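Q: This is the structure I want to talk about, given as structure tokens.
The values are calculated or read from the model by the stated rules, or taken from the named source; none is laboratory data. Remember, predicted model here, so these are calculated numbers, not experimental data. Heads up, the Cβs are rebuilt from the backbone with ideal geometry, glycines too, and the neighbour counts pull from every protein chain shown.
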Amino acid sequence: MKIYFWLPIVIFWACHPAQRPDLILYNGNIHTMVSPSDRVSAIGIQNGKIIATGNDLQVLQLKTPMTQLIDLHQAFVLPGFTDAHIHPISGGLALLECNLTDLTSRNEILDSLKNYAIHHPEKEWIRGENMWLAAFPRGNALALSLDSIIPDRPVYISSSDGHNAWVNTKALQMAYLSRETPDPEHGRIERDAQGNPSGTLRESAMNLVRQHLPAYSDKDRRQALLTAIQQANQFGLTSLNEANAHPDDVRTYLELAKENKLNAHINISLACDISKGLPEAQRVISLRDSLKAVHTDVYTNEVKLFMDGVVEGKTAAMLANYSDDHQKGIANASADMASNIIMTLDRAGLQVHVHSIGDRATRMTLDAFEYALSVNGKRDSRHHIAHLHVVDPADYDRFRTLNVIANFQSLWATWEDTYMTELNKPFLGKERMELQYPMGTLLRHGATLAFGSDWDVSTQNPFMAMQVAVTRRGPDSMVRSAWTPQHLIDRYNVIKGYTRNGAYLTFREKETGTIEKGKWADILVLDQDILHTDVFKIYKTKVLTTYYKGQIVYEYLQSH
């Protein structure tokens, strides 16, 4: 009698539309990233969220006549990736200018700029992006070289690291730069033997010319962001952590979010110039407060600080002098100022995201986080330090004890480019070369690792970066021993850094990062199993399909 009474209720529950998927992916090799061994073959999705995982029989029995079925043909499947440090708008804007990416010789760069100028007579300024700084001796590009091809219009070229600019004489004149112009605080004007500006500007000195550039329009920023996200989806990126957004950029994100045109979860790091002190920190806190609850899928509770520059310009803040120089680089704030600013931002509940290249900059940042903890007390802050080019071994354990996430751009951890051989080795010396990008070492010291591209400084392609992380060699098929093998990391933890840990860094671990019931169906279908393929073939991986919230936002076959 009891069985007869309950049977209709059980049948109703099993058939209730609320429990039925509108999409099932089955016959897959699906790694959920819940644990190293957790795999399933099928996923049930309803209204963009995962409602079931398991074997084919378990999930397919939930289908209805309305359910779309997709056979994965045993393809390898992962959760969508998070790029924990990327510049979508500025990277997209760079595509509007003369893009010098992949040009590594002086003549190639000059030829490209000359042709661009010829074909764009309407341009008031000639702007170029992603110049390979190592194409010029000691990273010093001369105005005279630009004058020889473009003498009549001002030229402004940014280096691929974003911390150096190359300008011609016309641009120097328009900015009124001369031998009498002093170096700005936290910047350097490179000069010839007579003391005249030679054409290369470092760090804050870039602003002396950059402030004269024509402003980009709202339309430009919108198109730049849409282009960047479209490219990100092609590489399996479904969550983006914008690394340095100014108010105009924030407005662009929010406008497109309201129009439902952002095919990625977005976290925004609000730009904060640490060199301007506490008033700048208060400005950013006020901006954050004004943005609260503006849009539920765009998080704006993060702030970006630049603690120093870069090694190739000798502006990274080092604990000891550069090997060929009598100076230690440039820190953008004193230790006390950095600690007070980070403590103030932390007290306001902001997540702090810090650019740090040199070992002194990282020491200062960790000291500041420790000070904030001592003053404000412990909270779920998820502060993180990006880049970590050189880290002193004395600071390895501090990432774990202070709960600071190590945010690496692992593509840079290779020996096979002239940035390393021409602009790092002679400046750092042998001992510090061994300390670069200690990914595996920090992991073994208990740190949480996340990964990003820093696009457009380097490619968005995460598979190239993954291969470098697990081989410490350039992304290619040449089998060879690792450079700095002491810092090698296994591929599972690199993938974890792009999935679970990326979601954790962006406070979205309840929404994405693993393939689990209740989370968004952010899912990647790949053409090979990157957990088991030859490590020197990871870089060849192609994304076949990218699902964002259960919708296809990229499909390889339709794109080729």
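Q: Taking the stretch 526-560 as the search range and keeping residues that are among the aromatic types (Phe, Trp, Tyr) and over 19 Å from Arg500 (Cβ atoms), which one is surrounded by the fewest Cβ atoms within 10 Å (Cβ to Cβ)? Quick ask: steps written out before the conclusion?
A: Of all residues in the stretch 526-560, those among the aromatic types (Phe, Trp, Tyr) come to 536, 539, 547-548, 554, 556.
Subsequent filtering for residues that are over 19 Å from Arg500 (Cβ atoms) retains 536, 539, 554, 556.
Working: Phe536: 17, Tyr539: 21, Tyr554: 23, Tyr556: 15.
The selected residue is Tyr556.
Q: If you don't mind, there's one more thing I want to ask. State whether one or more residues within the stretch 160-178 are more than 14 Å from Asn99 (Cα to Cα) and in contact (Cβ under 8 Å) with a residue 60 or more places away in the chain.
A: Yes.
Q: Further, regarding this structure: Can you tell me which residues in the stretch 372-425 are acidic (Asp, Glu) and free of Cβ contacts under 8 Å to residues at least 24 places away in the same chain?
A: Step one: of the stretch 372-425, the residues acidic (Asp, Glu) are 380, 392, 395, 397, 416-417, 422.
Selection gives Asp380 alone.
Q: Out of the stretch 91-141, which residues are among the basic types (Lys, Arg) and either more than 20 Å from Ala215 (Cβ to Cβ) or part of a helix (DSSP H, G or I) (or both)? Give the derivation first.
A: Step one: list which residues in the stretch 91-141 are among the basic types (Lys, Arg), which gives 106, 114, 123, 127, 138.
Correct list: Arg106, Lys114, Arg138.
Q: Then there's this: Spot the failing condition for Gln194; the list is (1) in a loop (DSSP other than H, G, I, E, B); (2) among the polar types (S, T, N, Q); (3) crowded, with 23+ Cβ neighbours inside 10 Å, and only one is missed.
A: (3)
Q: Among the residues of the stretch 337-346, is any among the small types (Gly, Ala, Ser) and either in contact (Cβ under 8 Å) with a residue 60 or more places away in the chain or touching a Leu at 6+ places or on another chain (Cβ under 7 Å) (or both)?
A: Within the stretch 337-346, the subset among the small types (Gly, Ala, Ser) is 338-339.
Keeping just the survivors that are either in contact (Cβ under 8 Å) with a residue 60 or more places away in the chain or touching a Leu at 6+ places or on another chain (Cβ under 7 Å) (or both) gives 338.
Yes.
Q: Right, something else. Could you check the stretch 186-224 and list, in sequence order, the residues that are touching a residue at least 60 places away in the same chain (Cβ under 8 Å) and touching a Phe, Trp or Tyr at 6+ places or on another chain (Cβ under 7 Å)?
A: Within the stretch 186-224, Thr200, Leu213, Pro214 qualify.
Q: Please go through the stretch 496-525 and pick out each residue that is surrounded by fewer than 22 Cβ atoms within 10 Å (Cβ to Cβ), of a type outside the set (D, E, K, R) and either in contact with a His (Cβ under 8 Å, 6 or more places away or on another chain) or closer than 30 Å to Arg20 by Cβ (or both).
A: Listed by number, the residues that qualify are Thr514, Gly518.
Q: Okay, next question. Which residue, of Lys276, Lys258, is at pLDDT below 95, out of contact with any Phe, Trp or Tyr (no Cβ under 8 Å at 6 or more places or on another chain), surrounded by fewer than 18 Cβ atoms within 10 Å (Cβ to Cβ) and at negative phi? Step through it out loud before you land on a result.
A: Values: Lys276 fails: at pLDDT below 95.
It is Lys258.
Q: Looking only at the stretch 439-458, decide whether some residue is of a type in the set (Asp, Glu), part of a loop (DSSP other than H, G, I, E, B), crowded, with 19+ Cβ neighbours inside 10 Å and touching a helix residue (DSSP H, G or I) at 6+ places or on another chain (Cβ under 8 Å).
A: yes
Q: I'd like the residue in the stretch 353-404 that is among the aromatic types (Phe, Trp, Tyr) and buried (at least 19 other Cβ atoms within 10 Å of the Cβ) and, out of all such residues, is farthest from Arg444 (Cα to Cα).
A: Step one: of the stretch 353-404, the residues among the aromatic types (Phe, Trp, Tyr) are 369, 371, 396, 399.
If we keep only those that are buried (at least 19 other Cβ atoms within 10 Å of the Cβ) as well, we get 369, 399.
Details: Phe369: 21, Phe399: 11 Å.
This residue is Phe369.
Q: Next up: Going residue by residue through the stretch 152-166, is there one that turns out to be at pLDDT 95 or above, surrounded by fewer than 22 Cβ atoms within 10 Å (Cβ to Cβ) and not in a loop (DSSP other than H, G, I, E, B)?
A: Checked against the condition, which is being at pLDDT 95 or above, surrounded by fewer than 22 Cβ atoms within 10 Å (Cβ to Cβ) and not in a loop (DSSP other than H, G, I, E, B), the stretch 152-166 yields no hits at all.
Q: Further question on the same structure: Answer yes if at least one residue in the stretch 78-93 is among the hydrophobic types (A, V, I, L, M, F, W, C) and surrounded by fewer than 18 Cβ atoms within 10 Å (Cβ to Cβ), and no otherwise. First the steps, then the outcome.
A: Within the stretch 78-93, the first condition is being among the hydrophobic types (A, V, I, L, M, F, W, C), and the residues that meet it are 78, 81, 84, 86, 89, 93.
In the following step, the residues that additionally are surrounded by fewer than 18 Cβ atoms within 10 Å (Cβ to Cβ) were identified as none.
No, every residue in the stretch 78-93 fails to be among the hydrophobic types (A, V, I, L, M, F, W, C) and surrounded by fewer than 18 Cβ atoms within 10 Å (Cβ to Cβ).
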